[in-house]
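The values are calculated or read from the model by the stated rules, or taken from the named source; none is laboratory data. Please read all numbers here as calculations on a predicted model, not as lab measurements. For neighbour counting, all protein chains shown are included, and Cβ atoms are generated from backbone atoms with ideal geometry for every residue, glycine included.
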């Protein structure tokens, strides 16, 4: 038998162990090359739309190795957030967990127009007991110098956030499922300008915060501030 890679041919000469390693390698390569990434990426977007209540559209997507799906030029729309643009979103899928019916995703989201990969970035993991994302489901992540004006207009005109979050849902079914569950958010916000939205636009002014450190504990649609420090200057 002629192996396509020289190191596989060398491994098979090592006896039963070599044959076992070569067979396992071929199995993994075959699995990655034939894995149904197309239906999977469509399923992920569909379930995200359902559980979050947002509409997500991606201009293009591609597959990377070992098992990564990347969406480009995404647009998120919703009744409360308006429209948010995302440059790229990358999801590394746990293939063996997916075969067993579980979903383990390592994700990274990059805002558009940011040259440095360590700025304007959110990364973390999502785990679900089923592909349907109906729970139990847990998500955790890290926000790295995210521009709040990009995602919270018109309420915020300037500000940068860095922090960590985690949330867990026993069930994601129902219209308000995204607001349920329990979790924590720890955030450090700098150079924040909050616009006051009132019935009389000509009377609106803004609030400027130089720095804020906040910790929130959320449970069943309610978030409590457990720690809040900072300084503000009324604009």
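Quick check, is residue 86 in contact with a helix residue (DSSP H, G or I) (Cβ under 6 Å, 6 or more places away or on another chain) and at pLDDT 85 or above?
In short, no.
Going by the structure shown, is residue 45 within 19 Å of residue 93 (Cα to Cα), part of a helix (DSSP H, G or I) and either touching a strand residue (DSSP E or B) at 6+ places or on another chain (Cβ under 6 Å) or modelled with pLDDT under 60 (or both)?
Here the answer is yes, as residue 45 does meet what is asked.
Starting from the stretch 46-60, take each residue that is free of Cβ contacts under 8 Å to residues at least 60 places away in the same chain and list its partners that are not in a strand (DSSP E or B), counting only C-beta distances under 7 angstrom and pairs at least six apart or across chains.
Listed pairs, sorted by first residue: 55/49; 56/45; 56/48; 56/49; 58/45.
Considering the stretch 144-156 alone, what residues qualify as being closer than 17 Å to residue 113 by Cα and in a strand (DSSP E or B)?
144, 145, 146, 147
When the stretch 213-235 is examined, which residues are found to be over 24 Å from the mean Cα position of the chain (by Cα), closer than 22 Å to residue 158 by Cβ and at pLDDT 85 or above?
Listed by number, the residues that qualify are 228, 229.
Looking at (1) within 21 Å of residue 51 (Cα to Cα); (2) surrounded by 19 or more Cβ atoms within 10 Å (Cβ to Cβ), which is the one condition that is false for residue 111?
Condition (1) is where residue 111 drops out.
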